[in-house]
Each structure stands twice: as structure tokens, then as C-alpha cells.
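K.L.:
My questions will all concern the structure given below.
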Amino acid sequence: MLSSARITLRPPEPADVDTLYRWENNPEVWNVGNTVAPYSRKLLWEYIDTYEADIFKSRQLRFIIEINDGHEPVGTVDLFDFDPVNSRCGVGILVIPAFRKAGIASEALDLVISYCRRRLSLHQLYCTIGATNTISMALFSSIGFSVVGHMKSWLKDGASYEDAYLCQMLL
């Protein structure tokens, strides 16, 4: 597990099914990912039951962000589109509202960046951020990501489209 004094990043466990069910089925965050329909508990259970922690095999990893004091899950960090040939990977993060603006997200990303640099020997991480998502833009900028592209009408939310920024960090 990846840990700091305040948080631990750990793999999903069966006890996380109901928590992931709430988070994944919140339509307020669907526009920052690729979710188009709710997930069932059964589907989330099967995901956890068959979770492949080998990023070289599954091309992705999910970490649950857990507060060390009380072991409360407060979010997730996802590594996706892992490309070992070009040594890069996408990264995304979700922190529940009660724990936002407390440094949890930057601390979790710092742990993941260190893991990607030291353990996976990655050369770069990237993310796509909606143009109106100023909080995520500030977060990723504060830890060293730079805007490297501006995509027009990139993210669809209902009947409207939003521009997005491609951000990158060289490790």
C-alpha cells in the first residue's frame, strides 16, 4: 500500500461495494469521466472480485483513498490507458465533497506520482480537465501538470459540449 502520515492508497476491497456504488452512480461527476449509465452493485462486486492489480496486464489500476485515522474511504485515484511502450498513463481522481479543499487530493496524487516514477518507471502522466473545472485545473497545476492542449467541444454533458484541456506531467 502507498501511505503518508494522513492517508493510505489501497486496492478496492469487497467492503467498498456500497461506497463505490454511491460514488459511481452520482450523476454530478459523470461528466468528468466516461460514465453514461448507473452501475449495479453486482457489476461493482464482480469488478472488485476480479480486480487485476497488475497494471501491465489490465492497463489500469484503481486506488481507494483512505484516511488513516478511522480508515474511512474518501475517494479514488485511477491510473488508466497505461502504455508501457511509451511509458505513460492517464490519471484521474475523485475526493468526496466533505474532504475537498483539505489537501487530500494533492497528497494522494503525490503518492501516485512517486509510485509511477519509482515503481512503474513512467516518463509521463496526463489528464483531461473540463474547461469549467477550475478546481481540478488548480489542483493539477499546483502539483506540476502543465496544459499542453485545448480541445474544443471535447466533453459532452447532456445536450451541450464543453472544451477541455489536456494536461501533462513529465516525471
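The values are calculated or read from the model by the stated rules, or taken from the named source; none is laboratory data. All figures in this text were calculated on a predicted structure; none of them were measured in a lab. Glycine also receives a Cβ, built like all others from the backbone with ideal geometry; neighbour counts cover every protein chain displayed. In case anyone asks, the SASA skips ligands and DNA or RNA and just uses the protein heavy atoms, side chains included. Shrake-Rupley method; radii C 1.70, N 1.55, O 1.52, S 1.80 Å.
K.L.:
Per-residue counts of other Cβ atoms within 10 Å, averaged by peptide: what ranking do you get for 105-113, 158-166, 120-128, highest first?
P.N.:
Values: 105-113: 20.2, 158-166: 13.3, 120-128: 17.8.
Ranking the peptides 105-113, 158-166, 120-128 by packing returns 105-113, 120-128, 158-166.
K.L.:
In the chain, what % of DSSP beta bridges are antiparallel (nearest 5)?
P.N.:
The antiparallel proportion sits near 90 percent.
K.L.:
Report ³J(HN,Hα) in whole Hz for each residue of segment 80-89, in order, from the Karplus equation J = 6.51 cos²θ - 1.76 cosθ + 1.60 where θ = phi - 60°; Gly and Pro get x.
P.N.:
9, 6, 4, 10, x, 5, 9, 6, 9, 7
K.L.:
What shape does segment 83-158 take by its C-alpha gyration tensor, where a ≥ b ≥ c are the square roots of the eigenvalues and a/c under 1.5 counts as rounded, a/b above b/c as prolate, and the rest as oblate?
P.N.:
Verdict is oblate for segment 83-158.
K.L.:
Now for a different question. Using +1 at the C-beta of Lys and Arg and -1 at the C-beta of Asp and Glu, which of Val77, Ala53, Ile65 has the Cα lying farthest in the positive direction of the dipole of segment 16-107?
P.N.:
In segment 16-107, that residue is Val77.
K.L.:
How large is the direction-averaged shadow of the alpha-carbon convex hull of segment 1-143, in nm²?
P.N.:
Numbers: hull surface 34.7 nm².
Convex hull of Cα atoms, orientation-averaged projection: 8.7 nm².
K.L.:
Calculated from DSSP H runs of 4 or more alone, at -39500 (n - 2.57) each and per residue, what is the 222 nm mean residue ellipticity of the chain, nearest 500? Walk me through the numbers before you get to the answer.
P.N.:
On the way: 5 runs with 45 residues, N = 171.
Using -39500 (n - 2.57) per qualifying helix, the result is -7500 deg cm²/dmol.
K.L.:
Of Val74, Val29, Val17, which is the most mobile in a GNM of the chain whose springs link Cα atoms less than 10 angstrom apart?
P.N.:
Ranking Val74, Val29, Val17 by mean-square fluctuation puts Val29 first.
K.L.:
For segment 95-108, what does the Karplus curve 6.51 cos²θ - 1.76 cosθ + 1.60, with θ = phi - 60°, yield as ³J(HN,Hα) per residue in whole Hz, taken in order and with x for Gly and Pro?
P.N.:
10, 5, x, 5, 10, 6, 6, 10, x, 5, 4, 5, 5, 5
K.L.:
Using a 1.4 Å probe over the heavy atoms of the protein chains, calculate the carbon and sulfur portion of the accessible area of the chain as a whole percent. Write down the numbers at each step before the final one.
P.N.:
Details: 5060 of 9730 Å².
Result for the chain: 52 percent of the exposed heavy-atom area is carbon or sulfur.
K.L.:
Next up: Using the Karplus equation 6.51 cos²θ - 1.76 cosθ + 1.60 (θ = phi - 60°), what ³J(HN,Hα) coupling, rounded to whole Hz, does each residue of segment 144-153 give in order, writing x for Gly and Pro?
P.N.:
The phi angles translate into x, 6, 10, 6, 10, x, 10, 9, 7, 6 Hz.
K.L.:
Could I ask something else about it? Taking 0.36 nm per intervening residue step and subtracting the Cα-Cα distance, what contour gain separates Asp18 from Lys57 on full extension?
P.N.:
Working: separation 39, 0.36 × 39 = 14.04 nm, distance 2.66 nm.
Extra length from Asp18 to Lys57 when fully extended: 11.4 nm.
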